[in-house]
Amino acid sequence: MATATVARGAGTEVLSPASEDEAIAAFGDGAGVTILAGGTIVVPEMTYGYLKPERVLMLGSAGLTGVARNGSRTTIGAMTSVQDLVELAAPLGPCAANVADREIRAQATAGGNLCAPVGRDAPRGDLQAAFLALDAQVRSAGAGGERTDSVEDFLADKDGRLVLDISFEEPAAGGFARLDRPHTHDYSALTVCVGRLADGSTRIAVAGVDGPAVRLPSAEAKADDPAAAAEAAAQDVTFADDALASAWYRERTLPVLIRQALSELQEAV
Amino acid sequence: MKLAVNGVEHELSSPPLTPLLYVLREELGITSPKAGCQQGGCGSCTVLVGGEPRRSCLLPAAALDGAEITTLEGLGSPEALSPIQTAFHERYAAQCGFCTSGMVLAAHAYLEGGGGSERESIQDALAGHICRCTGYVKIIDAVSAAAGGDITSNQRWLPQPGEEAPVEVPGAPA
């Protein structure tokens, strides 16, 4: 049998694959499977009784970790900790460093953050914005087999997929700006990531909106003029309105963050 | 599932997805890790897993098979406090005590990792830990003192059976 069943407890079957191949086989088409990567989201959901999974796929022994560089391409295993990303170049490094605190970052994973659903009272998944700004590709398994999608396509249809790794070409420059958090345990109310790609194009993405992170094409079209880009940004977004910040506040601070991130980008080029 | 806690091997009977916090407190009776927010936000349940500080409320037992856990009980004893425990005592870094075991373990890991006495890096290391008494200044003082070696080593702070209290309490009967 490819996958060891650790034990049954509290009515849940626990699968603990020991390799990528075993993880893909155990995940199958994903039906009825809850993936437990770092556990920083899933475990409290179970503790508080919001989540009662039939089968849990624990990825801690499946490998899928590490940051690999091959020429100009960087590949990040899905189980790489967020802490292991903080030294990377902008926008990913500073975006990762802005997630929670050291202990949580050491446990939370790149794949988990990418797949983080919007929380009950706050948005999650800041790294989505960084991966969007980097034009990253997501390799995943699930129904229909393995496939590689752009981050946009993946975020639009991420349910039922097991992320294996995330890869991107080194950007020419990057920028990052976010609303400050009152405390490290807060999610960021708004996070902006920008990337100047090798072909000279500029991508701008924002997390903390209503749903997964999104690109801001109207702002991207005016990326050479930070003030104009900032003014154009809001038309591409539906703002979250939650316990962290009102939609009113987010709408008024997004232009400030766009200007900051684009200025950082221009200085870095 | 096997788990070594403070050097003692245990065979666990908790269901595999039970967070380590409840394994420690409810199955093994080790109560220094505190159940605060129970969702990773407060740091009062932090223990050392292989020497690294981790929130025990977020770690399912099945992810820890064979791991080595250190709780506050494994750090020192009243007869021989660890340097960070001595520093917390000498610098009055504990108030109600609820956050203390998590703070002490995170600070211990910080010192073991070669952390220095600069307040900013101590704040970064302890950023996930909430003290609702807001005793942060003295907590950071204590870690800074321990990092700088500015403490008395192995100070005894409890009288042993048959001994008098080491300090005179004003107004106490002679």
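The values are calculated or read from the model by the stated rules, or taken from the named source; none is laboratory data. It should be emphasised that the depicted structure is a prediction, and the values quoted were computed from it without experimental measurement. Here the Cβ is made from the backbone with ideal geometry for all residues, glycine too, and neighbour counts use every protein chain on show.
Against the definition (more than 10 Å from chain B (Cβ to nearest Cβ), part of a loop (DSSP other than H, G, I, E, B) and within 29 Å of residue A:210 (Cβ to Cβ)), how does residue A:117 come out, yes or no? So residue A:117 passes the test. When A:229, A:240 are checked against the criterion of being closer than 21 Å to residue A:182 by Cα and in contact with a Lys or Arg (Cβ under 9 Å, 6 or more places away or on another chain), a single residue qualifies: A:240. Could you tell me whether residue B:73 is away from chain A (no Cβ under 14 Å) and not in a helix (DSSP H, G or I)? No. Across segment B:25-37, a minimum of one residue is classified as more than 14 Å from every other protein chain (Cβ to nearest Cβ) and under 16 Å from residue A:47 (Cα atoms). Just one residue in the set B:55, B:91 is in contact (Cβ under 8 Å) with a residue 12 or more places away in the chain, of a type in the set (Lys, Arg) and in contact with a strand residue (DSSP E or B) (Cβ under 9 Å, 6 or more places away or on another chain); that residue is B:55. Here's a check for you: in segment A:182-205, which residue that is without any contact (Cβ under 8 Å) to a residue 12 or more places away in the chain and within 22 Å of residue A:105 (Cβ to Cβ) is nearest to the other protein chains (Cβ to nearest Cβ)? Top of the filtered list is A:183. Scanning segment A:93-102 for residues that are within 14 Å of chain B (Cβ to nearest Cβ) and either part of a loop (DSSP other than H, G, I, E, B) or surrounded by fewer than 21 Cβ atoms within 10 Å (Cβ to Cβ) (or both) returns A:97, A:98, A:99, A:100, A:101.
This table checks each residue for (1) more than 13 Å from chain B (Cβ to nearest Cβ); (2) free of Cβ contacts under 8 Å to residues at least 24 places away in the same chain; (3) under 22 Å from the mean Cα position of the chain (by Cα); (4) crowded, with 21+ Cβ neighbours inside 10 Å.
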| position | (1), (2), (3), (4) |
| --- | --- |
| A:12 | no, no, no, no |
| A:23 | yes, no, yes, yes |
| A:39 | no, no, yes, yes |
| A:59 | no, no, yes, yes |
| A:72 | yes, no, yes, no |
| A:88 | yes, yes, yes, no |
| A:91 | yes, no, yes, yes |
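Checked against (1) away from chain B (no Cβ under 12 Å); (2) closer than 28 Å to residue B:42 by Cα; (3) crowded, with 19+ Cβ neighbours inside 10 Å; (4) of a type in the set (S, T, N, Q), residue A:81 passes all but condition (1). Scanning segment B:23-46 for residues that are more than 15 Å from residue A:101 (Cα to Cα) and not in a loop (DSSP other than H, G, I, E, B) gives B:23, B:24, B:25, B:26, B:27. Scanning for something part of a strand (DSSP E or B), modelled with pLDDT of 95 or more and either within 23 Å of residue A:170 (Cβ to Cβ) or touching a Cys at 6+ places or on another chain (Cβ under 9 Å) (or both), does segment A:126-138 turn up at least one residue? Yes, that holds for at least one residue.
For segment A:150-172, residues that are closer than 19 Å to residue A:204 by Cα and surrounded by fewer than 20 Cβ atoms within 10 Å (Cβ to Cβ) total 8. Scanning segment B:75-110 for residues that are surrounded by fewer than 20 Cβ atoms within 10 Å (Cβ to Cβ) and among the hydrophobic types (A, V, I, L, M, F, W, C) yields a count of 4.
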